Amino acid sequence: MIHIDGSEGEGGGQILRSSLSLAICTQQSFRISNIRAKRAKPGLLRQHLTAVKAATEICRATVKGAEMGSRELSFRPGPLRAGSYTFAIGSAGSTSLVLQTVLPPLLTATGPSTVQVTGGTHNKASPPFEFLQRVFVPLLARIGAKVQIELRSHGFYPRGGGRIVAHIEPFQARNALHLHERGALLRGYAEASWRH
């Protein structure tokens, strides 16, 4: 079992999310301690717990420590299963980050998957839906991924209630992604979203 210190680097939730994705893809078990150690509220919050539950569901993993506030977690992945999944954060936690946890493994599944996540779509400390739509998914397409995402409703702090849906086809062929130089700035614009 791989042991991971969650206080390394920025000491936030990305260490956990990346560990979950990679564990499923490689079928390697891990134990992580000091989860989100460098955050004002360390341990698992709803968004992180939802990411753990989502990862668990897509591969029937065996998990210990998946509870609110937990600072330690062990994860033993089972076989990855394509399918239709719905995950509700129950707060304004980031739908984008939960989706990014299960998306890489589902690209390696044996069939197509649909993932619906409800929660926050526009949060101050995580990528908004438009980042997924205009940056992340187009970069995935360059390596051969077929992913379509939709914003069904906006979700803002503190209420949440937003909904995103992703349709994921498994890789048919993988291409290398080369980003050696930053391209020239083509244009700039601003966009504002709000909810009454």
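When you look at residue 158, is it assigned by TED's automatic domain parsing to the domain that holds residue 124, exposed (fewer than 15 other Cβ atoms within 10 Å of the Cβ) and either within 22 Å of the chain's Cα centre (by Cα) or without any contact (Cβ under 8 Å) to a residue 12 or more places away in the chain (or both), yes or no?
yes
Only one of 88, 66, 92 is in the same structural domain as residue 153 (by TED's automatic domain parsing) and surrounded by fewer than 21 Cβ atoms within 10 Å (Cβ to Cβ). Can you tell me which?
Result of the check over 88, 66, 92: 88.
Out of the residues in region 144-155 meeting the condition of being surrounded by fewer than 16 Cβ atoms within 10 Å (Cβ to Cβ) and either in contact with a strand residue (DSSP E or B) (Cβ under 6 Å, 6 or more places away or on another chain) or hydroxyl-bearing (Ser, Thr, Tyr) (or both), tell me which one is nearest to residue 81 (Cα to Cα).
Top of the filtered list is 146.
State whether the residues of region 116-138 include one that is farther than 24 Å from residue 12 by Cα, exposed (fewer than 15 other Cβ atoms within 10 Å of the Cβ) and free of Cβ contacts under 8 Å to residues at least 12 places away in the same chain.
The answer is yes, given that some residue of region 116-138 is farther than 24 Å from residue 12 by Cα, exposed (fewer than 15 other Cβ atoms within 10 Å of the Cβ) and free of Cβ contacts under 8 Å to residues at least 12 places away in the same chain.
Which residue out of 97, 107 is under 12 Å from the mean Cα position of the chain (by Cα) and of a type outside the set (Phe, Trp, Tyr)?
Exactly one residue qualifies, and that residue is 97.
Working only within region 64-86, note down all residues that are without any contact (Cβ under 8 Å) to a residue 40 or more places away in the chain and closer than 20 Å to residue 12 by Cβ.
Across region 64-86, the qualifying residues are 65, 66, 67, 68, 69, 70.
Out of region 151-178, which residues are among the aliphatic types (A, V, I, L, M) and either under 20 Å from residue 102 (Cα atoms) or part of a strand (DSSP E or B) (or both)?
Scanning region 151-178 gives 151, 164, 165, 166, 168, 173.
State whether one or more residues within region 17-25 are modelled with pLDDT of 95 or more, touching a helix residue (DSSP H, G or I) at 6+ places or on another chain (Cβ under 9 Å) and over 28 Å from residue 110 (Cβ atoms).
Looking through region 17-25, none of the residues is modelled with pLDDT of 95 or more, touching a helix residue (DSSP H, G or I) at 6+ places or on another chain (Cβ under 9 Å) and over 28 Å from residue 110 (Cβ atoms).
Do we find a residue being under 17 Å from the mean Cα position of the chain (by Cα), more than 16 Å from residue 108 (Cα to Cα) and in the same structural domain as residue 90 (by TED's automatic domain parsing) anywhere in region 166-177?
The answer is no; no qualifying residue exists.
The values are calculated or read from the model by the stated rules, or taken from the named source; none is laboratory data. Fair warning: this is a prediction, and the values are worked out from it, not measured in the lab. Reconstructed Cβ throughout: ideal geometry from the backbone, glycine too, with neighbour counts over all protein chains shown.
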